[in-house]
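Undergrad: Structure provided below as structure tokens; questions to follow.
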Amino acid sequence: MAKLKLFEYPHPILKKKAEKVQKVDDELRKLLDDMLETMYASNGCGLAAPQIGVSKRIVVIDIAHEDEEPKPLYMVNPEIVWQSEEKEISEEGCLSVPGQRAEVERPAAVRIKYLDYDGKEQELEANDFLAVAAQHEIDHLDGVLYIDKLSRLKRQMLLKKLEKYRKEHNA
Ligand code: NI
């Protein structure tokens, strides 16, 4: 496995709609493994392929706590097939927008269809933080970042803080 380079805002690949995967093969599984390792190494709980510069519809998620066993979830061509009318607000962050967090409102529960690590069709109903993480990652595949969901003012403030953060961290 290898840790991959993370692409950060405002890299144009993050704005691009990612391509559907045609086949879940060993090459794709290697990419999924590398994405998971990159995510763990960066202390993230979700990562979408565009964030490592690959415009493919794949995401990895692991919302297990640090003191729990890892519980990786691999999603190929994920699709939200149902979403609750009930919404929930929670704080989100993103490895492509380092050091920042903001509150975002999303449907509280979603049902997702996807192909798993072996290319088998799966359907999952996600609630709570898993629902947030899955929607955040699937948005990445459509070129959407959580900061795109903020009001203009909040977004501008966050981007200013991002600039400051980068200066302080020499990024
Ligand atoms: Ni993200």
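The values are calculated or read from the model by the stated rules, or taken from the named source; none is laboratory data. Note that the structure is predicted; figures quoted are calculated from it, not measured. Virtual Cβ from ideal backbone geometry, glycine too; neighbours counted across all protein chains shown. Surface accessibility is based on the protein's heavy atoms, side chains included, excluding ligands, DNA and RNA. Shrake-Rupley method; radii C 1.70, N 1.55, O 1.52, S 1.80 Å.
Undergrad: When the residues of segment 19-63 are narrowed to those that are within 13 Å of the ligand (Cβ to nearest atom) and of a type in the set (G, A, S), which ends up surrounded by the most Cβ atoms within 10 Å (Cβ to Cβ)?
TA: Top of the filtered list is A48.
Undergrad: Looking at E91, E168, E163, can you tell me which residue is acidic (D, E), surrounded by fewer than 16 Cβ atoms within 10 Å (Cβ to Cβ) and touching a strand residue (DSSP E or B) at 6+ places or on another chain (Cβ under 8 Å)?
TA: E91
Undergrad: Suppose we keep only residues that are free of Cβ contacts under 8 Å to residues at least 60 places away in the same chain and under 17 Å from the mean Cα position of the chain (by Cα) within segment 71-88. Which one would you say is surrounded by the fewest Cβ atoms within 10 Å (Cβ to Cβ)?
TA: Step by step, filter segment 71-88, then rank; the result is K71.
Undergrad: Here's something else I'd like to know. Taking segment 64-100 as the region of interest, how many residues are of a type in the set (S, T, Y) and within 16 Å of the ligand (Cβ to nearest atom)?
TA: Adding up the residues that qualify gives 2.
Undergrad: If you don't mind, there's one more thing I want to ask. V144 is checked against (1) over 16 Å from F7 (Cβ atoms); (2) within 16 Å of the ligand (Cβ to nearest atom); (3) open to solvent by 30 Å² or more (accessible area, probe 1.4 Å) and fails just one. What number does that condition carry?
TA: The number of the failed condition is (1).
Undergrad: When you check V97 against the structure, is it open to solvent by less than 80 Å² (accessible area, probe 1.4 Å), under 27 Å from Q156 (Cβ atoms) and aliphatic (A, V, I, L, M), yes or no?
TA: Yes.
Undergrad: A134 is checked against (1) in contact with a strand residue (DSSP E or B) (Cβ under 7 Å, 6 or more places away or on another chain); (2) among the small types (G, A, S); (3) over 15 Å from I58 (Cβ atoms) and fails just one. What number does that condition carry?
TA: The failed condition is (3).
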